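Undergrad: Shown below is the structure under consideration.
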Amino acid sequence: MTTHPTPTLISRYASGDAGVDETTIWAVEAHLESCAACRTVLTDAVDPGTRDLLDRVADGIATAIATGPPPVRRTRLRRTGVAARILPWLVTATGLMLAAALFEWTFDSLPSLVLLVAPVAPLLPVAAVWSRRVDPAWELTATMPRTGLPLLMRRTLGVLTAVIPVLAVTGWFTGHSPGLWLLPVLGFTAGTLALGTVLGVDRAAVALAIAWCAGVVAPSLADGRLPAILTDSSLPGWALTTVALTAVVLVRTRRRPHQPHQNLMH
Amino acid sequence: MKRSLDGLDEGELLRRVARGDRLAFDALYRRTAPWLTARLRRRCADEDVVAEVLQETYLAVWRSAGSQAQSSTSGSAVGWLWTIAAHRLIDAFRHRARRERVPPVQTFETVAPAAEDEALADGMDANLERALHALPAELRQVLRAMVLDGLTARETALLLGMPEGTVKTRARRARIALREALS
Amino acid sequence: MMRTVSVAETAPSTYPWVVHTEKLQVRAGRHLAVNELDLRLGTGVHGLLGPNGAGKTTLMRALATVLKPAGGRLTLLGGEVTGDADLRAVRRGLGYLPQHFGFYPRFTVREFVEYIAWLKEMPKAAIPGAVQRAVDRVGLTDRADSRMKTLSGGMLRRAGIAQAIVNDPAVLLLDEPTVGLDPEQRLDFRELLREIGLDSCVLVSTHLVEDVAVACSDVVLISEGRLVWQGTTGQLTEQGGAGDAGDSATERGYSSLLRAYRGRVSA
């Protein structure tokens, strides 16, 4: 049970009695802020002058409310606008994966397109969340304290949360082991961020996507079979690469935590 | 309807205000405005300024209730309401500072606490209270603005009408004095 | 609810100037748009004047920590911006309205300013009140919950000012803030500037000499990336003679100073 100030003290406080010493006022104020019961005591103790003032202000408020807009209820999803902006890119990535699954299902003579395309599927939306060309408020964002790695990580995780379920569905549909698409996806995302500290995230994403298509996708389509790096035996390699690249990102950004012109931003 | 509102805490009232409930808003005003007025009056002697700040504060509550209801803690604590009012009060001081100084409330002569005043609130133990009491008035005034009212050094400077450097110096001296008194 | 006052908050300000540049060089593309600029700004409203291409926007972007200086020193609120320094603390005290204010069209004004307040790392509980106050101060109260794509040019500019002032910045940088404002809004805006300038350092870049004459206490005149002249608004009006171009004493002072500077450079 907390100690409440006496009603007399509260009423002396409310009436502006100069005889109450300052330390006591301090204590009373700190208490009133959190105690509804004592605020009620105070409400009953106000002098007629204050009552007048309160009624006058209430009238003023009523007039202003009558002419102004009502409160607008907010939805929980406050920053959906940012998500909406990259929606086209997410849709593209999803479409790509679905098309790959369809192809794989139709032409079973081809190597698994789902596995070939999966690693680069999240790269487009990742590039989009961190591109000055796509983000209209880029210039402002660049001047904010909450910029750099934490914000990039947040947005990247957002993209992954949106893309991974699609991959899971297509992966399940075509019957591949989850590790074979999940680990390359994580590896490529980490790689984009790592390379992004040098080139800028959007350029890094495009560069990696092109490299993967030219170096792996095209040859394996020509050969008609999956490359060795997309078989079960290469899983430890993917896991190690992902961990190493994540470490690179953390180290590089730790060394220059909020550098103004971090390449991450460009 | 009024009956049902009486049982609600301020946090719940705010959530109703966010849905555009005028009755809930009026109930919130009836319950908190006397307290807010008393507190503002202890910081500003000008009745018109107090009325203006009060009106702006509650209009701000009405208009931003949708966001406010999400971020304010629930329950009956109304610190968020004071934060809004304090900033509006500083704005009023800013407004007038360019023309004429608003007469700030005079710093009270320190008087010894009467016996009945000694029953004190939670969050202030007897040691801290004694230490505060021993502080020179000008240090306590700065501490009150920054710690109790949650103002920044710049805002405190405007409220008390002194340079920001003085505010910082006094806050440092107050901190040292308190630390010594409490150890 | 008692607040903890941090040691940093009450530390004495060891810097004499809020904004201080020494031989600052900033590139815009390959071109050195700010060239060895020395500038010292304290509390107050400072007008940044100069002909087109003088480097006003580049200077603003460097002060806002968007562009990295190519040389020299830049100190904001006592923190060095030039090196690999941690800019977080400095950035919390900044407000910036870019010349081209990019925004999210589907956001309402309130949502956008709240988002910026979050990016500025303001305490979560303080954000709704601070946003409402910023919106009220720029006179957008009635449009606070309108989507930004439905606003007129002048309203967007005011929304831009609202996001810049939401954190009560100690350094406020406004690049062409009066573009699109009608005469009445311009008057309100000047009043707001004067109030903010009581306890903050405000730098307003503008091509309207008249804005400076009325709203600013000091004038900074730059040309070709260098400081041409710095002084009070009153001193600026004294610079002009009857023979100088311009419709007002301020404009005549402006053109007289620029002419004299060009004479010195070409000589």
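Every residue, every condition in (1) surrounded by fewer than 24 Cβ atoms within 10 Å (Cβ to Cβ); (2) modelled with pLDDT of 90 or more; (3) over 42 Å from the mean Cα position of the chain (by Cα); (4) over 13 Å from B:TRP35 (Cβ atoms), yes or no:
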site: A:HIS4; (1), (2), (3), (4): yes, no, yes, yes
site: A:THR8; (1), (2), (3), (4): yes, no, yes, yes
site: A:SER11; (1), (2), (3), (4): yes, no, yes, no
site: A:ALA14; (1), (2), (3), (4): no, no, yes, no
site: A:GLU22; (1), (2), (3), (4): yes, no, yes, yes
site: A:TRP26; (1), (2), (3), (4): yes, no, no, yes
site: A:ALA30; (1), (2), (3), (4): yes, no, no, no
site: A:CYS35; (1), (2), (3), (4): yes, no, no, no
site: A:THR40; (1), (2), (3), (4): yes, yes, yes, no
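Undergrad: Could you tell me whether C:GLU121 is assigned to a helix (DSSP H, G or I) and within 11 Å of chain A (Cβ to nearest Cβ)?
TA: Criteria not met by C:GLU121.
Undergrad: Would you call B:ALA60 closer than 20 Å to A:ASP59 by Cα, among the small types (Gly, Ala, Ser) and at the interface with chain C (Cβ under 9 Å from one of its Cβ atoms)?
TA: Answer is yes for this residue.
Undergrad: Going through the range C:92-126 one residue at a time, which ones are free of Cβ contacts under 8 Å to residues at least 40 places away in the same chain and out of contact with any Asp or Glu (no Cβ under 7 Å at 6 or more places or on another chain)?
TA: Of everything in the range C:92-126, those that are free of Cβ contacts under 8 Å to residues at least 40 places away in the same chain and out of contact with any Asp or Glu (no Cβ under 7 Å at 6 or more places or on another chain) turn out to be C:HIS100, C:GLU111, C:GLU114, C:TYR115, C:TRP118, C:LEU119, C:GLU121, C:PRO123, C:LYS124, C:ALA125, C:ALA126.
Undergrad: Could you check C:TRP17 against (1) of a type in the set (Phe, Trp, Tyr); (2) assigned to a strand (DSSP E or B); (3) surrounded by fewer than 20 Cβ atoms within 10 Å (Cβ to Cβ) and say which number it fails?
TA: All conditions pass for C:TRP17, except number (2).
Undergrad: Then there is this: Just checking, how many residues over the range A:114-169 are within 14 Å of chain C (Cβ to nearest Cβ), of a type in the set (Val, Ile, Thr), touching a residue at least 24 places away in the same chain (Cβ under 8 Å) and in contact with a Pro (Cβ under 9 Å, 6 or more places away or on another chain)?
TA: Total meeting the criteria: 0.
Undergrad: Taking the range B:81-98 only, how many residues are of a type in the set (A, V, I, L, M, F, W, C), surrounded by 21 or more Cβ atoms within 10 Å (Cβ to Cβ) and facing chain C (nearest Cβ under 7 Å)?
TA: 1
Undergrad: Which of the residues spanning the range C:1-23 are touching a residue at least 12 places away in the same chain (Cβ under 8 Å), in contact with an Asp or Glu (Cβ under 9 Å, 6 or more places away or on another chain) and within 14 Å of another protein chain (Cβ to nearest Cβ)?
TA: C:SER13
Undergrad: Among the candidates C:ALA11, C:ALA33, which residue alone is surrounded by fewer than 22 Cβ atoms within 10 Å (Cβ to Cβ) and in contact with a Lys or Arg (Cβ under 8 Å, 6 or more places away or on another chain)?
TA: Just a single option satisfies the conditions, and that option is C:ALA11.
Undergrad: Could you tell me how many of the residues in the range A:156-181 are assigned to a helix (DSSP H, G or I) and surrounded by fewer than 20 Cβ atoms within 10 Å (Cβ to Cβ)?
TA: Final tally of qualifying residues: 14.
Undergrad: Restricting to the range A:230-239, name every residue that is assigned to a helix (DSSP H, G or I) and either among the acidic types (Asp, Glu) or exposed (fewer than 14 other Cβ atoms within 10 Å of the Cβ) (or both).
TA: A:ASP232, A:SER233, A:PRO236, A:GLY237 - these are the residues of the range A:230-239 that are assigned to a helix (DSSP H, G or I) and either among the acidic types (Asp, Glu) or exposed (fewer than 14 other Cβ atoms within 10 Å of the Cβ) (or both).
Undergrad: Residue under question is C:LEU119, and the condition is that it be surrounded by fewer than 20 Cβ atoms within 10 Å (Cβ to Cβ) and of a type in the set (A, V, I, L, M); does it hold?
TA: no
One line per residue, one yes/no per condition, for (1) closer than 15 Å to A:MET144 by Cβ; (2) assigned to a helix (DSSP H, G or I); (3) among the acidic types (Asp, Glu); (4) without any contact (Cβ under 8 Å) to a residue 24 or more places away in the chain:
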position: C:PRO128; (1), (2), (3), (4): no, yes, no, yes
position: C:VAL135; (1), (2), (3), (4): no, yes, no, no
position: C:ASP145; (1), (2), (3), (4): no, no, yes, no
position: C:ALA164; (1), (2), (3), (4): yes, yes, no, no
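Undergrad: Kindly provide the set of residues from the range B:19-36 that are of a type in the set (A, V, I, L, M) and either more than 7 Å from chain A (Cβ to nearest Cβ) or in contact with a strand residue (DSSP E or B) (Cβ under 9 Å, 6 or more places away or on another chain) (or both), ordered by number.
TA: If the condition is that a residue be of a type in the set (A, V, I, L, M) and either more than 7 Å from chain A (Cβ to nearest Cβ) or in contact with a strand residue (DSSP E or B) (Cβ under 9 Å, 6 or more places away or on another chain) (or both), then B:LEU23, B:ALA24, B:ALA27, B:LEU28, B:LEU36 are the ones that fit.
The values are calculated or read from the model by the stated rules, or taken from the named source; none is laboratory data. Only a predicted model underlies this, so the values are computations on that prediction, with no experimental measurement involved. Virtual Cβ from ideal backbone geometry, glycine too; neighbours counted across all protein chains shown.
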